[in-house]
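The values are calculated or read from the model by the stated rules, or taken from the named source; none is laboratory data. Since this is a predicted model, take the numbers as computed values, not measurements. Methodologically, a virtual Cβ is constructed for each residue, glycine included, from the backbone with ideal geometry; neighbour enumeration extends over all protein chains shown. These accessible areas exclude ligands, DNA and RNA; they are computed on the full protein's heavy atoms, side chains included. Shrake-Rupley method; radii C 1.70, N 1.55, O 1.52, S 1.80 Å.
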Amino acid sequence: MKISDYRVITELPNLDYTPQIAKEMEPYYEKVKTVIPKIEWPYHAPYVKAINKLKKERNAVCLVHNYMTPEIYHCVADFVGDSLALSKEAARTDADIIIQCGVHFMAETSKILNPDKIVLTPDMEAGCSLAESITGQDVRNLKKKYPGVPVVTYVNTSADVKAESDICCTSGNAKRIVESLGVGKVIFIPDKYLAQNIAKETDVEIIWWDNGCCEVHELFTPEDLIEARESEENLKIIAHPECPPNVVAEADFSGSTARMIEWVTEKKPEKVMMVTECSMSDNIAAENPETKFIRPCNMCPHMKKITLSKILNNLLYLNNEVIIDAEISKRAYSAVDRMIKLDIS
Ligand code: 13P
Ligand code: SF4
């Protein structure tokens, strides 16, 4: 179906916090009560109700990244996960409309995998410092400089950049994707820190792109981790591999957002510090009340552009459709699909 085939909604949902909405939304508040103050709930509850109702009517799903705020993560998501899990779910979903609750490159990846579906982003301006660090032309220049060397591209990139790549990877499978190519050398773009963290663990020579890093994870320092350990006895520290290598070296474990969640759920540490974007700790703390979370708070300004009211606008007006040039999308598809087919989780 095209957007013009959908019913135009003229009757707007009631966004008042009535006693009836309060009662109906109680089970949702139960899930987030440890991380959302009671005083804020009347603002969220009517949106939660309206979004969940309209999703059914529109046959839409919300694919929600682990960095979304708790009212999105726990109350309107049909599926939550890291970049890899979200791409796989986007490839699998039967829904007609995908609302990608995350940043723009994530919505583009869903569209690359579902060219015939409607993919919406709550905010077109939700970018990413990694995706913005490199262009398709930069990749063509790198390929000229290193002829014959395959290009492994982190999914945090635009469709243009993916279209120039041999294969994509995520932070959860990067090392294994690099090694799956069976070559001695790869170009790895655009995250220099992720590249350096992989280079420490593999014999494959990694050529990295010096201009790319995550503006959130680059702020962490080894001293932050050392100080936290000194002030909290028995503290476990887990870090995202977008952090600089000297930060990862101080951590007990490093992995994608999904791997970090698995680690906490399985190990059930008494105290943990998640060295990553703030909302992760809130989302996981709500599900692990027995663990004390020490929260170093670096916020991703792009992820935080996604709100319940913008998700509701997507459902009401089917606005902010993600469109990708067909030829670029086809070439980008090869790189993303090659990663998915390897089925390296
Ligand atoms: P994950 O793939 O680990 O979810 O990471 C995505 C991201 O943007 C981290 O900053
Ligand atoms: Fe990009 Fe970093 Fe934000 Fe993730 S946390 S979306 S890598 S800027």
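Points to keep in mind about this one:
- Checklist (1) under 23 Å from the mean Cα position of the chain (by Cα); (2) open to solvent by less than 60 Å² (accessible area, probe 1.4 Å) applied to E232, failing item: (1)
- For segment 260-300, taking the residues that are over 19 Å from D224 (Cα atoms) and of a type in the set (A, V, I, L, M), the one that is nearest to ligand 1 (Cβ to nearest atom) is identified as I261.
- Residues of segment 71-86 satisfying the condition of being open to solvent by 20 Å² or more (accessible area, probe 1.4 Å) and aliphatic (A, V, I, L, M): A77, V80, A85
- Of all residues in segment 165-216, those that are among the acidic types (D, E), within 16 Å of ligand 2 (Cβ to nearest atom) and farther than 19 Å from V139 by Cβ total 1.
- Per-region count, segment 111-138, residues of a type in the set (K, R) and over 17 Å from the mean Cα position of the chain (by Cα): 1
- Checked against the criterion of being over 16 Å from L342 (Cα atoms) and either at pLDDT below 95 or within 22 Å of the chain's Cα centre (by Cα) (or both), the candidates K192, K200, K175, K143 yield just one match: K192.
- Residues that are in contact with a His (Cβ under 9 Å, 6 or more places away or on another chain) and open to solvent by less than 50 Å² (accessible area, probe 1.4 Å) were ranked within segment 281-299; the one that is nearest to R58 (Cα to Cα) is N283.
- Selection status of C128, modelled with pLDDT of 95 or more, outside any helix (DSSP H, G or I) and crowded, with 24+ Cβ neighbours inside 10 Å: no
- One residue from D5, D78 being modelled with pLDDT under 95 and not hydroxyl-bearing (S, T, Y): D5
- Taken over segment 79-109, the residue count meeting the criterion of being more than 10 Å from ligand 1 (Cβ to nearest atom) and in contact with a Leu (Cβ under 7 Å, 6 or more places away or on another chain) is 9.
- Residue in segment 2-19 that is under 30 Å from K292 (Cβ atoms) and out of contact with any His (no Cβ under 8 Å at 6 or more places or on another chain) present: no
- Looking only at residues of segment 249-275 that are within 15 Å of ligand 2 (Cβ to nearest atom) and of a type in the set (A, V, I, L, M), we find that the one that is surrounded by the fewest Cβ atoms within 10 Å (Cβ to Cβ) is A258.
- Top-ranked residue of segment 171-192 - restricted to ones that are without any contact (Cβ under 8 Å) to a residue 40 or more places away in the chain and small (G, A, S), ranked as most open to solvent (accessible area, probe 1.4 Å): G182
- Output for segment 205-223, where each listed residue is crowded, with 18+ Cβ neighbours inside 10 Å and either more than 21 Å from the chain's Cα centre (by Cα) or of a type outside the set (A, V, I, L, M) (or both): I206, W208, W209, G212, C213, C214, H217, F220
- Test: residue in segment 213-220 that is of a type in the set (A, V, I, L, M), closer than 20 Å to C169 by Cβ and within 16 Å of ligand 1 (Cβ to nearest atom): yes
- Some residue of segment 153-170 being open to solvent by 10 Å² or more (accessible area, probe 1.4 Å), modelled with pLDDT under 95 and small (G, A, S): no
- Within segment 87-110, the set of residues being surrounded by fewer than 24 Cβ atoms within 10 Å (Cβ to Cβ) and away from ligand 2 (no atom under 16 Å from the Cβ) comprises K88, E89, A91, R92, T93, D94, A95, D96, I97.
- Screening C278 against (1) within 30 Å of N59 (Cα to Cα); (2) surrounded by fewer than 20 Cβ atoms within 10 Å (Cβ to Cβ) leaves a single unmet condition, (1).
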